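Comments concern the structure below.
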Amino acid sequence: MKNKKKTIFRATVIVLILILAVLAYMYFVMLKSGGGIVSAKKKTVGKVEFLFAIYGPGRGENPRFNKPMSVATDNENRIYVADSMNNRIAVFDSNGDFLFEFGKKGVAHPLGGSKATWKPGTFSYPYGIDVDKETGNIFVADMVNKRIQIFDNGGKFIDWFPKKDFGGWASDIYPTDIAVEKGKVYINNPYQIVVFTTKGEFVKEIGMPGDTPGNFNRPNGIDVGEDGTIYVSDSNNMRLQALTPEGKVKWVIGKPAENGAGIQREKSVFGNPRNVSVGPDGNIYVIDPFHFQIKVFAPDGKQLAAMGKQGREEGYFNFPNGIEVTKDKIIYVVDKEGSRVQAVKLTEFVMEDPLKMEQ
């Protein structure tokens, strides 16, 4: 009888150990490798200090990001990621811990006579994202669906725009990055900047197709300074433009390729500038995926830094596309090809050679 009890006791202990092992595996491997903070072990790469990386929620049908494009933060330092290929917005706290997500696939303009599947709150390649610091509402550039969608800070759908042609020469939008500032929404359209109110009312257009100052060729980044200056990454023209609130050119850094963009990128200020973020210091932070760098400019256009190295390890950049600088000078970089968001700090401003890349 005693032996039988011992056997039952041992079997119970073994089962409990196995259960604990499975739970430990799910927490440390499935959850941590699939999302949340996968590494919080600080290290520096050049003058870039790595803090942590987020690879996705770590749960649900899509535990990992799939080529995210943009990132934004709110007044509570929550992190909002436009997880573009998964057609969702994923939300994390300032430590990188997953909070919630919203959105799924929905197509408003199907091809070949297919049936439209768009419903409020669904996406077809959400690209840009920003948070209205005054209301906490989340604005998402739903690129392929040609609209901006608005959500409250819990992810509940509020509205979308534009619902009709707004009278400009482009008539509709195909939005990439967006910036929400003081009651207005600034939108990168393929060859112009379009401005609406946060209620969806058309305000104005800025620019036309072209490579002269004040015109654009596939801009992919935009932000607005405290003084109303509009900073635009004019991507295919390989330059950064600063505009007055009225849309007049203040300064331009970089220039369009003359012959052979690939060759010129090696010698130019930008390889292909993407998202832009104005930091608390007033400086403009631009992510450059072809140079694998964060580039920093003073409000007068003077270049202050070019920092970062190519690589797949944490602290390196792998064709980054998105950037957000918080009031605490933490920089969130969306590594598109790495399918991750990295939190970094710049220990000092330096000019690194983008051609000296590490794998």
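When residue 61 is tested against (1) open to solvent by 10 Å² or more (accessible area, probe 1.4 Å); (2) in contact (Cβ under 8 Å) with a residue 12 or more places away in the chain; (3) charged (D, E, K, R); (4) farther than 18 Å from residue 319 by Cα, just one condition goes unmet, and that condition is (2).
Out of 328, 353, 288, 300, one residue alone is charged (D, E, K, R), closer than 28 Å to residue 140 by Cβ and open to solvent by 10 Å² or more (accessible area, probe 1.4 Å). It is 328.
The criterion of at least 2 residues that are touching a residue at least 12 places away in the same chain (Cβ under 8 Å) and open to solvent by less than 20 Å² (accessible area, probe 1.4 Å) is met, among strands (runs of 3 or more DSSP E) falling completely within segment 70-137, by 70-73, 79-83, 88-92, 126-131.
Selection within segment 193-216: residues that are open to solvent by less than 60 Å² (accessible area, probe 1.4 Å) and assigned to a loop (DSSP other than H, G, I, E, B). The member of this set that is farthest from residue 298 (Cα to Cα) is 200. Within segment 155-183, the set of residues being of a type in the set (Gly, Ala, Ser) and either under 19 Å from residue 73 (Cβ atoms) or assigned to a strand (DSSP E or B) (or both) comprises 155, 179. In segment 224-249, the residue that is nearest to residue 194 (Cα to Cα) out of those that are acidic (Asp, Glu) and open to solvent by 20 Å² or more (accessible area, probe 1.4 Å) is 246.
Here segment 139-189 is the region considered, the condition is being at pLDDT below 95 and of a type in the set (Lys, Arg), and the residue that is most open to solvent (accessible area, probe 1.4 Å) is 164. Is it the case that segment 338-346 has a residue that's farther than 30 Å from residue 249 by Cα, open to solvent by 70 Å² or more (accessible area, probe 1.4 Å) and modelled with pLDDT of 95 or more? Yes - at least one qualifying residue is present in segment 338-346. Taken together, the criteria place residue 341 among residues that are touching a strand residue (DSSP E or B) at 6+ places or on another chain (Cβ under 7 Å), more than 25 Å from residue 217 (Cβ to Cβ) and not in a loop (DSSP other than H, G, I, E, B). Looking only at residues in segment 298-325 that are part of a strand (DSSP E or B) and of a type in the set (Gly, Ala, Ser), the one that is nearest to the chain's Cα centre (by Cα) is 322.
The values are calculated or read from the model by the stated rules, or taken from the named source; none is laboratory data. Source: prediction; values computed, not measured. Because the Cβ atoms are built from the backbone with ideal geometry, glycine has one as well, and the counts that use them run over all protein chains shown. Accessible surface is based on the protein model in full, side chains and every heavy atom, while ligands, DNA and RNA are left aside. Shrake-Rupley method; radii C 1.70, N 1.55, O 1.52, S 1.80 Å.
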